[in-house]
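A short worksheet on the structure shown next.
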Amino acid sequence: MADLNVYLTTFNCGRKPVNIDYFSHFLFDGLSKSNPLPPDLIVLSLQEIAPIAYGFLGGTLLTPYFTRFTQAVADAARNTFSNPNVFYHEPIVRNAGMTAIMVFAREEVWHRIQQVESAGVGVGLWEMGNKGAVGVRLSVGGSGADSTTPFTFVAAHLAPMEPEWERRNQDWRSICENLVFEPSPNNQMT
């Protein structure tokens, strides 16, 4: 398989909708300033995606929060890269409580994605999902008929502060034991 350029970032939303202009302006600051190349995959690890009730209820209550990130990625791509034909497909999205992951693929790569699976697990207080982890596993097809490369991305949100290291270790163990990947409906998620 040819090189695949993956850009990963993490963001704590503070339970508020993301400021689209601010997020898009700084999204690609980690890329080379002299010749930024558009990533093939963009992975956003998001914590505190929405107010607690919305995060726990999920579904359409989270749609406006995810839509703002989709818009921010589109704006960032349009404003950062000299190629006006850089487009990202609707993202693969998964949340568990207030932790979420979004995987964006350039249009050229999206059509090569196969075997999408996802997983989520809550940890923290009563394992409700105020803390936790979500993951997306996918395979990207290469040039050969049987050539695919698997990728697994995990976004986690653990207990804060230095003295909470034992709780974080316990939560990490719980995530490793309970993050079970299952096929996504229609082999895709949106």
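The values are calculated or read from the model by the stated rules, or taken from the named source; none is laboratory data. Because the structure is predicted, anything quoted here is derived from the model rather than measured. Note: ideal-geometry Cβ built from the backbone for every residue, glycine included; neighbour counts use all protein chains shown. Each accessible area value is taken on the protein alone, full model and side chains, heavy atoms only, with ligands, DNA and RNA left out. Shrake-Rupley method; radii C 1.70, N 1.55, O 1.52, S 1.80 Å.
Points worth noting:
- Think of a 1.4 Å ball rolled over the protein heavy atoms: the chain then has 55 Å² of accessible area per residue.
- Fraction of accessible area attributable to carbon and sulfur, the chain (%, probe 1.4 Å): 51 percent
- Taking other residues whose beta carbon is less than 11 angstrom from the beta carbon of Ala76, and scoring Lys, Arg as +1 and Asp, Glu as -1, yields -2.
- Cα centre as origin, Lys/Arg/Asp/Glu Cβ charges: the chain dipole, Debye: 280 debye
- A crude spin-label estimate for the pair Glu108 and Arg78, with each label 7 Å from Cα along the Cβ direction, gives 2.2 nm.
- The spacing between region 46-64 and region 67-144, judged by their C-alpha centroids, is 16 Å.
- Area projected by the alpha carbon convex hull of region 1-156, averaged over all directions, nm²: 9.3 nm²
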